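Report on the following structure.
The values are calculated or read from the model by the stated rules, or taken from the named source; none is laboratory data. All of these numbers come straight from a predicted model, not from anything done at the bench. So basically every Cβ, Gly included, is an ideal-geometry build from the backbone, and we count neighbours across all protein chains shown. Areas reflect the complete protein model, heavy atoms only, side chains present, ligands, DNA and RNA absent. Shrake-Rupley method; radii C 1.70, N 1.55, O 1.52, S 1.80 Å.
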Amino acid sequence: MSTPPAPATTGPDEQTDGTGRQAAEEAQPEVAAPRYMAFAEEAAQAGWTRVARRMPALVAQALSLGWSASRADLIAALALNLAMGAATAWALVATTTALEELFSAVPTPDRVRAALPSLALLALALVVRGSCSVLAGRAQARLEPQVELAAERRLNELATGVSVEAFDDSAFNDAVFRGYARGTSESSSLVSHTVDVLTGLVGIIAAAGVLGTLHPVLIPLLLLAMVPQWWGSAAAARLRYRMMLALSEGRRRKWMLQQLMVSRESAAEVRSYTMGPHLRREFDTVAEYELGVHLRMVTRMSLIRMAGNSLSGLVTGLVFAALGVLLVQGTVPIAAAGAAVVAIRVAQSALASALNSVSMVYESGLYFGDFLDLEELARGRTPAPGLPPAPEGFDEIRVEGVTFSYPRGEQEDDVPPALRDVDLVLPRGVTVALVGENGSGKSTLAKLLSGLYTPQQGRVCWDGTDLAGVDGESLRERVAVIAQDHTHWPVTARRNVVMSSPDDSGRLERAACAAGADTVVRELPRRWDTLLDKRFTAGYEPSGGQWQRLAAARAFYRGDDGRATPLLIADEPTSALDARAEHRFFESVHAHAGRTGATVVLITHRLASVRMADHIVVLDKGRVIAQGTHEELMREGGLYRELWEIQATAYRGIGATGE
Ligand SMILES: Nc1ncnc2c1ncn2[C@@H]1O[C@H](COP(=O)(O)OP(=O)(O)OP(=O)(O)O)[C@@H](O)[C@H]1O
């Protein structure tokens, strides 16, 4: 667990670099992630020039997102907002006309009568404006979830389409976190706030247009009245960015702590190691820091608003005084002055909402930028389409001069490759065991053989075909894998075995029997239809060994697809099995290989099981250091014999009675 961040005694502005980053790095080194905070720094530096520069691109992105999610709703939202602007202008013109009639030099009843048509038009304009506003709100409210869903779908497509290697890259994982955390939800906010900006602008243009037609001198007065509003909104927006920056790292930390407290996976260890109070304490420290920043910001925000409102009141008073002078001078008639008062109020409120929306568009744009970053990163990690399908099978697999490294972080240049200059030949129909100490590269080699990874140097070929040049999906369909870290799928037992293949009861029973999963399923309350996840009603939790049998059944099911899947890879398939189940499993593997003619690649630390393999490959620090049959390797001496003797001695030392 990390050292919690020290409770803040200063606001984000007062911290060393004004961003809170230095404080975060000192307080919680392992979660201080400069990459993650990069966007928040940008936000902190954001001035209106930067916002204005980015605005066209953001608006274009928002419109294209909205367009792809629902054209009809986007067009409706924009058209109705324009109609609202037109209705505003119409209402202002009707107000002016009504005022002209009301201030004309005729008896009062005549004035009122003359003003009635304009008042009726004003009422109609307000009704139209109100209806347009409601309908525009409806279109926007319909658009938002559709945009969010489109973004979520895109993200799911990206996440499942990238090569597995992407998940070993910290930059990609970071991008996935940020994309899922806020990128998708902010896509709808981006669209919605963009429409709000347009609404505000239309309102201002309507007011300015009407004022311009009344008298040109009213336009500068309108601009003057809007200055304090501009200042207040800009200052509030900057403050909000700073708060977002100061809190972003803490929020991520709080989220992680909450996951530890509520997730089923960590529930047992949280209790065994009495981590509850520690986690709560750390959560409180981060939360109090966050609360402190928040409360300070609320106060400062209120002060800014107060200053903005006072200034706005003063300037509005000045503008009205100037209007009075113009009235006295006879520059503007009284009706125009009255309409100008209404128009200035309309423009001020439209400006406030437009500016607020501009800052929201910018803020959403930053988060949506995370989504775009992820899209770009994923594009570079998605296998090229249109490659030819993998061969149906092979006479031999050749591994030629293969060197492979996992993606490395910034400070990991000196990490040695997981595999170095590996040369191997795996003929069809043989059982090959990979042996070696922890970290020697066995699983990595298995992943290269199954087409999950591609080597940086060298080739893995099925006969003459380099696997790097074939369609990955078609290749993986021809390989059955029992993974070392197999997934406990939270679905029914049947789906856990069948996975994405067609459901076939005969095939299911054969696979279950071969893996010893038949006895597991017999004990389940609803047999194959039992949900294997305790978090849901009627869910059942298999034991570690039972899960492993189901994982093995999964591979046998895949391998029994009628096309004779040519390769079965079993990585530590019996680590959780009892002795009887282990014995039965190896018999099944041999029977499966005999029946289908598949090549079996077996990884296990239990050398008694390795002995039965046709060929044994010994790995050490990513290199193949020996290979041959059990007898050959024993004669040769070396690591294999050493490991064998350690295990044999342990058994030999125990007599038949176990003493
Ligand atoms: N996803 C990964 N990202 C980065 N490095 C990895 C990854 N998986 C494995 N490694 C590294 O590659 C090396 C070989 O690991 P590998 O899992 O292939 O060993 P192994 O022989 O299967 O070990 P074990 O017997 O413990 O299962 C190790 O140094 C390991 O730290």
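Listed values, structure above:
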quantity: Test: PRO145 is under 30 Å from LEU102 (Cα atoms), assigned to a helix (DSSP H, G or I) and open to solvent by 40 Å² or more (accessible area, probe 1.4 Å); calculated: no
quantity: Residue in the stretch 257-278 that is part of a helix (DSSP H, G or I), touching a helix residue (DSSP H, G or I) at 6+ places or on another chain (Cβ under 7 Å), assigned by TED's automatic domain parsing to the domain that holds VAL346 and under 25 Å from ILE344 (Cα atoms) present; calculated: no
quantity: The stretch 165-193 - residue that is in contact with a helix residue (DSSP H, G or I) (Cβ under 8 Å, 6 or more places away or on another chain) and within 16 Å of the ligand (Cβ to nearest atom) and, of those, nearest to ALA72 (Cα to Cα); calculated: VAL176
quantity: Wholly enclosed strands (runs of 3 or more DSSP E) of the stretch 577-633 bearing at least 1 residues under 29 Å from GLN546 (Cα atoms); calculated: 599-603, 615-620
quantity: Total residues in the stretch 532-574, condition open to solvent by less than 20 Å² (accessible area, probe 1.4 Å), away from the ligand (no atom under 16 Å from the Cβ) and under 26 Å from GLU392 (Cα atoms); calculated: 10
quantity: From the options LEU116, LEU99, LEU122, residue that is of a type outside the set (Gly, Ala, Ser), open to solvent by 50 Å² or more (accessible area, probe 1.4 Å) and more than 24 Å from the chain's Cα centre (by Cα); calculated: LEU116
quantity: Counted residues, the stretch 163-198 - those being part of a loop (DSSP other than H, G, I, E, B) and open to solvent by 30 Å² or more (accessible area, probe 1.4 Å); calculated: 1
quantity: Residue ID - most open to solvent (accessible area, probe 1.4 Å), chosen from residues in the stretch 373-415 that are part of a strand (DSSP E or B) and within 15 Å of the ligand (Cβ to nearest atom); calculated: THR403
quantity: Residues of the stretch 601-643 satisfying the condition of being under 28 Å from GLY559 (Cβ atoms), away from the ligand (no atom under 14 Å from the Cβ) and modelled with pLDDT under 90; calculated: ALA608, SER609, ARG611, MET612, ALA613
quantity: Selection from the stretch 91-114 of residues that are modelled with pLDDT of 75 or more and either assigned to a loop (DSSP other than H, G, I, E, B) or under 12 Å from ALA335 (Cα atoms) (or both); calculated: LEU92, VAL93, ALA94, THR95, THR96, THR97, ALA98, LEU99, GLU100, GLU101, LEU102
quantity: Unique match (being within 16 Å of the chain's Cα centre (by Cα) and of a type in the set (Lys, Arg)) among ARG142, ARG111, ARG154; calculated: ARG154
quantity: Tabulated pairs, the stretch 519-532, first over 23 Å from LEU577 (Cβ atoms), second open to solvent by less than 50 Å² (accessible area, probe 1.4 Å), C-beta under 6 angstrom, 6+ apart or interchain; calculated: ASP529/THR492; LEU531/THR492; LEU531/GLY539
quantity: Qualifying positions in the stretch 134-153 - without any contact (Cβ under 8 Å) to a residue 12 or more places away in the chain and not basic (Lys, Arg); calculated: VAL134, GLY137, ALA141
quantity: Pairs, first within 16 Å of PRO216 (Cβ to Cβ) in the stretch 327-343, second acidic (Asp, Glu), C-beta under 8 Å, six or more apart; calculated: PRO333/GLU100
quantity: The stretch 416-435, residues that are within 11 Å of the ligand (Cβ to nearest atom), part of a loop (DSSP other than H, G, I, E, B) and either of a type outside the set (Gly, Ala, Ser) or in contact with an Asp or Glu (Cβ under 7 Å, 6 or more places away or on another chain) (or both); calculated: PRO416, PRO417
